[in-house]
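Below is one structure, written out as structure tokens; the observations come after it.
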Amino acid sequence: MAEAARTTRIPLVERVLEANDEVAAANRAQLERRGIFSVDLIGAPGSGKTALLEATLRALRGRRQPAVLVGDLATRRDGDRLARWCDQVVQISTGQGCHLEANQVRDALAEIDLDAVDLLFIENVGNLICPVGFDLGQSAKVGLFSTAEGEDKAAKHPYLVEAADLILLNKVDLLPYLAFDRSFFEADVRLLNPRVPILGVSATTGEGLEAWLAWLERAARSGLPASTD
Ligand SMILES: Nc1nc2c(ncn2[C@@H]2O[C@H](COP(=O)(O)OP(=O)(O)OP(=O)(O)O)[C@@H](O)[C@H]2O)c(=O)[nH]1
Ligand SMILES: [Mg+2]
Ligand SMILES: [Zn+2]
């Protein structure tokens, strides 16, 4: 009995991921055809994804034509915050869903005037685990950690660190008040992903923002190898 249950369940999960991958590939093709560089921003609840995007959008005014998709289980609060800095924001309500899926991104892209966009940010649902497994069609995955979560969170979330094209450590302004050893955090990241850039930032004070913006510009210009995992 147990054996039969196992053999029926595994193919079903695989089919879900395969279907997601097909839609993600179509999203990627659509974005690449238009030359739109896209970032899937993945981080824990409260790590500062929206705050970082607010600061980023503010800095990019007049320099770029961004759009933002933001996923949340409930409320439009993040969408409302981001809409202060960007004309094209779509809030995706996931209900009980703890990650974004490619079909939600496809539907949200249909709400956007893509002719007026050259950079797309996707704020994933606050969660360090399953968003990693769902390709959305993004050009790059950015893993956002914050000092307030503790220095062990990279080691405890290896799949995000391995898949990330960039690791951001937010809330560095809080370091003087926390028992957070930045060298421990960075050593854990290095073990999992030896070449990934690690940038310390503060969405609140703006520290490190220029380095993050420079990474974005470089990645958008060179077109990072599209991340598909
Ligand atoms: N001190 C400090 N606080 C920050 C920083 N970035 C964000 N915060 C605060 O952290 C809290 C959470 O920030 P959000 O931007 O809402 O975090 P989020 O990751 O978007 O959260 P969810 O969307 O709910 O997963 C807010 O109170 C922010 O003001 C930072 O760099 N330094
Ligand atoms: Mg948010
Ligand atoms: Zn999930």
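For Phe184 and Cys130, compute 0.36 nm times the residue count separating them, minus their Cα-Cα distance, and round to one decimal in nm.
17.0 nm
For a test of the definition: using alpha carbon positions, the gyration tensor, and the 1.5 limit on a/c, classify segment 153-229 as rounded, prolate or oblate.
oblate
Got a sec to turn the phi values of segment 50-60 into Karplus ³J(HN,Hα) couplings, 6.51 cos²θ - 1.76 cosθ + 1.60 with θ = phi - 60°, whole Hz, x for Gly and Pro?
Taking θ as phi minus 60°, the curve returns 5, 4, 5, 5, 4, 5, 5, 5, 4, 6, 8 Hz for segment 50-60.
Rounded, prolate or oblate: which one fits segment 25-79, using the alpha carbon gyration tensor with axes a ≥ b ≥ c (rounded when a/c is under 1.5, else prolate when a/b beats b/c, else oblate)?
It is oblate, given that a/c is not under 1.5 and a/b is not larger than b/c.
Restricting to Cα pairs below 8 Å that are 6+ residues apart, what does the relative contact order work out to for segment 2-222? Please round to a whole percent.
Averaging sequence separation for qualifying contacts and normalising by length gives 23 percent for segment 2-222.
How would you classify segment 97-175 from its alpha-carbon gyration tensor, with a ≥ b ≥ c the square roots of the eigenvalues: rounded for a/c under 1.5, else prolate if a/b is greater than b/c, otherwise oblate?
Because a/c hits 1.5 or more and a/b exceeds b/c, segment 97-175 counts as prolate.
Output wanted: per-residue J couplings in Hz (rounded whole) for segment 61-78, from phi through Karplus 6.51 cos²θ - 1.76 cosθ + 1.60, θ = phi - 60°, x for Gly and Pro.
Values, residue by residue: 4, x, 9, 9, 10, x, 9, 9, 10, 9, x, 8, 5, 8, 6, 9, 4, 5 Hz.
Using amide H atoms built 1.01 Å from N in the peptide plane, name the residues 5+ places from Val89, or on other chains, whose amide H lies under 5 Å from its own.
Amide H to amide H, under 5 Å and 5 or more residues apart or across chains, Val89 pairs with Val68.
Once the other residues with Cβ under 13 Å from the Cβ of Glu217 are scored (Lys, Arg +1; Asp, Glu -1), what is the net sum?
+2
In whole Å, what three semi-axes, largest first, describe the equivalent ellipsoid of the chain built from its Cα gyration tensor (square root of 5 times each eigenvalue)?
The three semi-axes for the chain are 26, 24, 17 Å.
Net charge within 13 Å of Leu60 by Cβ-Cβ distance, Lys/Arg positive one each and Asp/Glu negative one each, not counting Leu60 itself?
Residues close to Leu60 contribute a combined charge of -1.
Let me have the 222 nm mean residue ellipticity of the chain computed from DSSP H runs of 4+ only, each contributing -39500 (n - 2.57), with the sum over all residues rounded to the nearest 500.
-12500 deg cm²/dmol
So, counting K/R as plus one and D/E as minus one, what does the shell of residues with Cβ under 11 Å around Val117 add up to?
With Lys, Arg at +1 and Asp, Glu at -1, the neighbours total -2.
Once fully extended, how much extra length lies between Arg15 and Ala214, figured as 0.36 nm per residue of separation less the alpha-carbon to alpha-carbon distance?
Extra length from Arg15 to Ala214 when fully extended: 67.8 nm.
Once you put a point 7 Å from the Cα of Asp115 and another 7 Å from the Cα of Glu162, both along the Cβ direction, what distance in nm separates them?
4.4 nm
Residue by residue through segment 145-159, what is 3J(HN,Hα) from phi via Karplus (6.51 cos²θ - 1.76 cosθ + 1.60, θ = phi - 60°)? Round to whole Hz and write x for glycine and proline.
10, 9, 4, 5, 7, x, 6, 8, 6, 5, 4, 7, 10, x, 5
Once the piece of chain linking Arg58 and Glu22 is laid out straight, how much longer is it, given 0.36 nm per residue of separation minus the C-alpha distance between them?
So the extension gain works out to 9.6 nm.
Around Asn170, which amide H atoms from residues at least 5 apart in sequence, or from another chain, sit under 5 Å from its own amide H, with H modelled in the peptide plane?
Those qualifying (amide H under 5 Å, at least 5 residues apart or on another chain) are Phe145, Ser146, Thr147, Val201.
Here, each number is a calculation from the coordinates, and none is a lab measurement. In this text, all values refer to a predicted model and were calculated from it rather than measured experimentally. No Cβ is skipped: glycine too gets one built from the backbone with ideal geometry, and neighbour counts run over all protein chains shown.
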